[in-house]
1. Enter the per residue convex hull volume of region 80-230, computed from alpha-carbon coordinates, in Å³ rounded to the nearest integer.
2. Starting from the Cα of residue 31, step 7 Å along the direction of its Cβ; do the same at residue 253; then give the gap between the two resulting points in nm.
3. log10 I(q)/I(0), Debye, Cα-only region 99-141, no solvent, q = 0.22 Å⁻¹?
4. Would you give the gap between the C-alpha center of region 373-437 and the C-alpha center of region 260-300, rounded to a whole Å?
5. Can you give the net charge of the other residues whose Cβ lies under 12 Å from the Cβ of residue 233, counting K and R as +1 and D and E as -1?
6. Can you give me the Kirkwood hydrodynamic radius for the chain, using every pair of distinct Cα atoms, in Å to one decimal?
7. Here is the link list: 77/363; 159/228; 363/447; 98/229; 4/324. Which ones come out longer than 31 Å on Cα distance?
8. Just rank 397, 145, 180, fewest to most, by other beta-carbon atoms within 10 angstrom.
Amino acid sequence: MGDKLRFFAFLVRYLPGFAGAGLVRKLRALIHGWTYKGPTDNPKVVLVVGGSFAGHQLMMRLTESLPTGWQAVLVEKNEHFNWSFAMPRFSVVPGHEKTAFMAYARIMAKGMQRGIARFIRGEVVSVTADKHVQLASGDTVPYDILVVATGSAQRPPAKLLGSTHKDTACAELRTLQDRIRRARTVAVVGGGAVGIELVTDIKTYARVVAERNRAVVGEDEDDSVADKKVTIVHSRTQLLNRFGPRLHEHVAKVLASQDICIELGQRVTIAYDDGADESAGAGRPGTLHFPDGRAIQYDCILLCTGLTPNSGLFRENFESALTKAGEVSVTAGLQVVTDEKTSGGGLGDMYAFGDVAATGGPKMARAGFFQANVIVDNILASIKGRPATHRYVPSVIEPSLKLTLGKDATVVYVDLNKEQTKSILLPQKGDAEDMHVKQSWQFMGVKYTDEDDE
């Protein structure tokens, strides 16, 4: 069976169920809009910590389903939602960075107007033992039910260093754009999705960006800048090692056709020219030291390695909830498990999901959406005094991937079994330069306007 036929069969098998479930949720949301009377003077609170893709999806579901007298409160350190899927492209190609950020006040406006949602800007540093969270500011926020969706820490450009405002986040991206544009040699360390997208964008957009810069500011750039030497370094022997080997083989061929050097099985160490560490910012010059003794100088080094769970808020009072890897232990119902207070079951008033939790699912936004549905169903059951019996079971659709491979190519990939021996691989043409981000905001329930560029 060809890949196109497999993909069609895949859609026929899974999409009707998802479409049906989505329609039911929309009907319930419509009824909820008519029946919700608002919070009381002292509403009970479902507190959601972390407002990226998983946390935002949960907030949307809660604002469509919580009963009268309850309120969903989001605590998030950033002022704006960051469209992280576009960060590799926007760290290379200038002119689109403003579209990657949308104020939470805009995204949550409807829910806040109804009184069912509230936004608190702050960084949670600890979960207390008396059903509060403590903020870095020293303030505390009470909750009746807590859901932690703090995700994972990644290096720029996958996630930005500390740019909690739109203007500083855009400035950080522009700094990266300038460093990448001026570099003659670039090394990207890490062969996951972000690393692959970054090297292919750098290589295939280099001449486009150089010509655009020359037209705008009149700077002359020699061909060594417009035709960069780009290298990707990966510690494993397979690129995108969370997926089947077929994807690696396809991507490796595309990278070779783009004249990108691939260094596999190389766990390098880095010495930056200025002697500082990576906290000083991404894209600085330095030397990569390879295990075989080679030391190669690069004008620009970018790190795209690893995910570190943002689970520090549990360490003071719920450290036993953390695994050795730093993830939050959860039941199949996504309730937090601690040694002190549970024996096989989870805490009924505390949930965790997404990248921060040991759910057994892939560390991808789509998995977080499915997990959010389980948490909402369990929260509603517990509010009604029923057992929280809904369980999360990873589905085959969750780790499916659409990967950009530079200006002229993308690929859709799905592993069809756990053994990764059956798969779908569909090479496609390149995506739009702006990644269709303005249109994608509709998924968040808002329409991007010219005012959002300000």
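None of the figures in this text is laboratory data; all of them are computed from the coordinates on show. Quick caveat: nothing in here was measured; it's all calculated off a predicted structure. Cβ coordinates were reconstructed from backbone atoms using ideal geometry, including for glycine residues, and neighbour counts include every protein chain displayed.
1. Dividing the Cα hull volume of region 80-230 by its residue count gives 138 Å³.
2. Reported label-point gap for residue 31 and residue 253 is 5.2 nm.
3. Here the Debye-derived log intensity ratios amount to -0.82.
4. Here the answer is 33 Å between Cα centres.
5. The answer is +2.
6. Working: mean 1/r = 0.0426 Å⁻¹.
Kirkwood hydrodynamic radius for the chain: 23.5 Å.
7. 4/324
8. Fewest to most other Cβ atoms nearby, the residues stand as 397, 145, 180.
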